[in-house]
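Please read the structure below before turning to the comments.
The values are calculated or read from the model by the stated rules, or taken from the named source; none is laboratory data. This is a predicted model, so every value here is computed, not measured. Counting neighbours? That spans all protein chains shown, and the Cβs are built from the backbone with ideal geometry, glycine included.
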Amino acid sequence: MNRREVLRAGLLAGAQALISPLFGVGPRRLFGAPAEGLRLRGFQLPREIAVSDRAAEIVHRTTVVDMLSLLTLDWPRLYAWESQPQSFGKADLARLRASGIGVFHPAVDPNEADAHGAALRWMAGWNRLIAGHCETLLRIDGAADLERVKAEDRIGLLLGFQNASHFRTPADVALFHGLGQRVSQLTYNERNRLGSGCTDPEAGGLSQFGATIVAAMNSAGMAIDISHCGERTSLDALDASTRPVLITHSNCRALVHHPRCKSDAVIRAMAAKGGVIGISVLPMMVSGGRSATFDDILDHFDHAARLVGVEHVGLGSDTDVDAIDPRTRQVRSAYRVRGLRHEYRVFEIAEGLLRRGYSAADVAGVLGGNFQRALSQIWSV
């Protein structure tokens, strides 16, 4: 996503205190209270959110890793946070915590002629925001930080980009790794020097320059993401990499024929390499041209799990916390899914997967454990 497109631990501990005597008795209101609803960490939580106690407990004990999750789609608001970290307040933090997401991957395509300079500015902005809130935000630099998030009750930020056009030479990979970048897509939708994006009519493969960048990313311990790459470039990158390759946010082309969705061949090759595919909740990839439903989202989790095993499936929502347009205060039309409340999607996905027969361990893997495993392997240099 570029600029053109537009209860973490403490919260759940409070919710658990309300429902713990009732564990195992089936679905009930997670956040309900007898009279006026429950207010935790500054959030008035809706009474109508209903998940089972089992789903709530899974989210409570899992470090949820959403591998395409923006803090906000309100770009002026984000720029204000990055330029003046003090403008990121308690209510902003509480909003992130209430989502259940422990680690956000707020990657963008800088979409400027000087991609290198734009990426440097993005990294500076993120590092300024994190430095200004070091007690509550944590930059994810390695596997140990994924463990620290829950232990230290912080929100993790995994920094990356949805394009690799800012890598002018292989040496730039090490430069940006030193600034905190840990993930990069090879291409966005269009062709770049590395290869073809998913909308490139030539549909070419990985270039020789792209192969040198893949090698440099392997050497640095930077995760390769092929979410927006075309078919040939995706397969070439998987063949060239010596480490697991990620599809951080995509869906299954077998269900929806959309350029952003991945073929079974690519998903199989990704799994054979040890990678994980993050399933998106973006309607255009969930249901194509018809109205999307929550069950449509679950169908993509099911297809990928049956195809390659649930251990290679994760979450890559491709939106911010609530998908709300700040101008209208309504869900953005491009993100409307019947039966899904975006701000509580982690809880609802956990419930939906349990309902479809997944075990608690399977659900915890999908919500974070699978990406945590793959990232740890990629980052071990």
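General remarks:
- Subset of region 291-321 that is part of a helix (DSSP H, G or I) and small (Gly, Ala, Ser) - its residue that is surrounded by the most Cβ atoms within 10 Å (Cβ to Cβ): ALA304
- Test: residue in region 210-230 that is of a type in the set (Asp, Glu), modelled with pLDDT of 95 or more and buried (at least 24 other Cβ atoms within 10 Å of the Cβ): yes
- Unique residue being modelled with pLDDT of 95 or more and at positive phi when the list is ASP318, ASP295, ASP302: ASP318
- Selection of region 249-271 for residues being crowded, with 24+ Cβ neighbours inside 10 Å and more than 23 Å from PRO201 (Cα to Cα) yields only MET270.
- Taken as a whole, the condition of being under 19 Å from the mean Cα position of the chain (by Cα) and crowded, with 20+ Cβ neighbours inside 10 Å does not apply to ARG373.
- Residue within region 272-290 that is in contact with a Gly (Cβ under 8 Å, 6 or more places away or on another chain) and either farther than 25 Å from ALA50 by Cα or surrounded by fewer than 20 Cβ atoms within 10 Å (Cβ to Cβ) (or both) present: yes
- Of all the criteria given as (1) within 20 Å of VAL65 (Cα to Cα); (2) in contact with a helix residue (DSSP H, G or I) (Cβ under 7 Å, 6 or more places away or on another chain); (3) of a type in the set (A, V, I, L, M), the one not satisfied by VAL337 is (1).
- Considering (1) part of a loop (DSSP other than H, G, I, E, B); (2) surrounded by 15 or more Cβ atoms within 10 Å (Cβ to Cβ), the lone condition that ARG97 does not fulfil carries the number (1).
- Residue within region 365-377 that is among the aromatic types (Phe, Trp, Tyr) and out of contact with any Ser or Thr (no Cβ under 6 Å at 6 or more places or on another chain) present: yes
- Reported count of residues in region 130-141, each being within 21 Å of the chain's Cα centre (by Cα) and under 13 Å from GLY180 (Cα atoms), is 5.
- In region 86-114, the residues that are at positive phi form Cβ pairs under 8 Å with partners that are part of a helix (DSSP H, G or I), at six or more places apart or across chains, as follows: GLY100/LEU12; GLY100/VAL59; GLY100/TYR344; GLY100/VAL346; GLY100/PHE347; ASN111/ALA118.
- Within the option set THR212, THR233, THR248, being β-branched (Val, Ile, Thr), more than 23 Å from the chain's Cα centre (by Cα) and not in a loop (DSSP other than H, G, I, E, B) holds for one residue only, THR212.
- Test: residue in region 176-193 that is of a type in the set (Asp, Glu) and surrounded by fewer than 24 Cβ atoms within 10 Å (Cβ to Cβ): yes
- Subset of region 104-142 (residues that are among the β-branched types (Val, Ile, Thr), in contact with a His (Cβ under 9 Å, 6 or more places away or on another chain) and assigned to a helix (DSSP H, G or I)): none
- Of all the residues in region 236-245, those that are assigned to a loop (DSSP other than H, G, I, E, B) and among the small types (Gly, Ala, Ser) number 1.
- Residue selected from region 143-169 under the condition out of contact with any strand residue (DSSP E or B) (no Cβ under 7 Å at 6 or more places or on another chain) and part of a helix (DSSP H, G or I), by the criterion nearest to PHE209 (Cα to Cα): ALA143
- Pick from region 251-268, criterion assigned to a loop (DSSP other than H, G, I, E, B) and under 17 Å from the mean Cα position of the chain (by Cα), ranking: farthest from ALA304 (Cα to Cα): ARG260
- Qualifying residue in region 67-79 (condition: closer than 21 Å to ALA360 by Cα, surrounded by 17 or more Cβ atoms within 10 Å (Cβ to Cβ) and modelled with pLDDT of 90 or more): yes
- Hey, VAL173 within 18 Å of the chain's Cα centre (by Cα) and surrounded by 19 or more Cβ atoms within 10 Å (Cβ to Cβ) or not: no
- Meets criteria (part of a loop (DSSP other than H, G, I, E, B) and either touching a strand residue (DSSP E or B) at 6+ places or on another chain (Cβ under 6 Å) or polar (S, T, N, Q) (or both)) for THR199: yes
- Residue count for region 72-101, restricted to those that are touching a strand residue (DSSP E or B) at 6+ places or on another chain (Cβ under 6 Å) and under 23 Å from VAL183 (Cβ atoms): 2
- Some residue of region 324-333 being modelled with pLDDT of 95 or more, part of a helix (DSSP H, G or I) and surrounded by fewer than 24 Cβ atoms within 10 Å (Cβ to Cβ): no
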